[in-house]
Amino acid sequence: MSVNNQFLITSTEFGHKGHIPPKYTCEGDNVNPPLLFRNIPERTRSLALIVEDPDARTGVFDHWVCWNIFPNEAIAERSNPGINGTNSFGKIGYGGPCPPSGEHRYYFKVFALDAELTLPTGASKQELLVAMKGHELATAELMGRYRKHKHAVEK
């Protein structure tokens, strides 16, 4: 496969291994950043997206789990594409970076699937991974970094 035909996920707000702007975190508006997809495989029927932080003290922390995203559309800022699952905050939808200390890495992983999935709203990442098994055509990944900017102690 040539580099030009590689499935890609990008954002207009930060580059791969770049810093995620505070707007998309718990220190800002806590909304999802815009995401763009290129070179989506021909047989793709839907996309799934998982955003996770592997640097959390308690293990991998899920910030966004969603599926049945239309394959030919970008994900707009402040949007709620497809069907959303439950994140590690215990909420449905996007929960932005909010590391308790230090800089953390956030992986935006997109999966091109040859089917739409029949999972209910609120399903877990594990349920999504099981449902995707055997349907993955390609995957792409964008990694962003974030460190909290506000360090004032509340009185």
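FYI, it's all coordinate maths here, none of it is from the lab. Predicted, not measured: the structure shown is a model, and the values here were computed from it. A quick note on method: Cβ atoms are made from the backbone with ideal geometry, for glycine too, and the neighbour counts reach across all protein chains shown.
Among the cysteines of the chain, those with no neighbouring cysteine Cβ under 4.7 Å are Cys66. Pairs exceeding 19 Å between alpha-carbon atoms, taken from Lys17/Lys133; Lys91/Lys133; Lys109/Lys133; Lys17/Lys109: Lys17/Lys133; Lys91/Lys133.
Mean residue ellipticity at 222 nm, helices only, the chain: -1500 deg cm²/dmol; runs of at least 4 DSSP H residues each add -39,500 (n - 2.57), and the sum is divided by the number of residues.
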